[in-house]
Amino acid sequence: MDDGPPTRLVSLADDEGNSVTVGVLGLDPRWSAGLRAEIVVRTPFVSGRLDLALSARRLTGWADALDRLDAGADAAWMEMDRGPSLFVRLDGERGCPEVVVEDESGSMVTVRVPVVPPDDWIADHRRRLRRVVDHWLPQVSG
């Protein structure tokens, strides 16, 4: 297991080459209360990345989204916030879960990525979130 700082907060991928990840890049040098991060979308058809700032409030929002998903409901994360929004729909247009990344305030592009995550993906993401919070949040102020 990697002993370095946790960098992968979200990792939704499948065997077809589709993935949406949210990676923590480190402390944000311009904002003492946040982390530099990025959303990366990769599919055989389209790929892209967006810069993202993560705060304690946004990490709590991801925990809330995981709770909704665990209860069997779709979830939105960072909706109606500055920057991109991420939606997880458990039953997407292709009959499988899908992740929708919207960048209305920047590029005005929306990408819909079907993924078939493993059965334990919500528990895995709770562990990822806990590692990120435990490691990074003590280092930010506010």
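The values are calculated or read from the model by the stated rules, or taken from the named source; none is laboratory data. Because the structure is a prediction, the values reported are computed rather than measured. Here Cβ is always computed from backbone atoms with ideal geometry, including for glycine, and neighbour counts include all displayed protein chains. Accessible surface is based on the protein model in full, side chains and every heavy atom, while ligands, DNA and RNA are left aside. Shrake-Rupley method; radii C 1.70, N 1.55, O 1.52, S 1.80 Å.
Points worth noting:
- Residue-normalised accessible area of the chain, expressed per residue, 1.4 Å probe, Å²: 57
- Simple spin-label estimate for Glu104 and Arg42 gives 3.0 nm between the two label positions (7 Å along the Cα-to-Cβ direction from each Cα).
- Accessible area per residue was computed with a 1.4 Å probe on protein heavy atoms; Ser141 scores about 60 Å².
- Trypsin sites (Lys or Arg not before Pro) restricted to the range 1-72 and DSSP loop, no more than 16 other C-beta within 10 Å: Arg30
- Stretchable slack from Arg126 to Ala71, in nm (0.36 nm times residue separation minus alpha-carbon distance): 18.4 nm
- Within the accessible surface of the range 48-142, defined with a 1.4 Å probe on protein heavy atoms only, the carbon and sulfur portion equals 49 percent.
- Of the GluC sites (Glu not before Pro) found in the range 36-111, those in coil by DSSP whose Cβ has at most 10 other Cβ atoms within 10 Å are Glu93.
- For the chain, the relative contact order works out to 23 percent when only alpha carbon pairs closer than 8 Å and six or more residues apart are counted.
- Across the chain, the convex hull enclosing all Cα atoms gives 118 Å³ per residue.
- Local electrostatic count at Glu102 - Lys and Arg +1, Asp and Glu -1, tallied over other residues with Cβ under 12 Å: -3
- The range 54-121 pair-distance distribution - Cα-Cα, 10 Å bins, rounded %: 21, 49, 28, 2
- For the range 25-37, putting each phi into the Karplus relation 6.51 cos²θ - 1.76 cosθ + 1.60 with θ = phi - 60° gives couplings of 9, x, 5, 8, x, 8, 8, 5, 9, x, 10, 7, 8 Hz, in residue order, rounded to whole numbers and with x for Gly and Pro.
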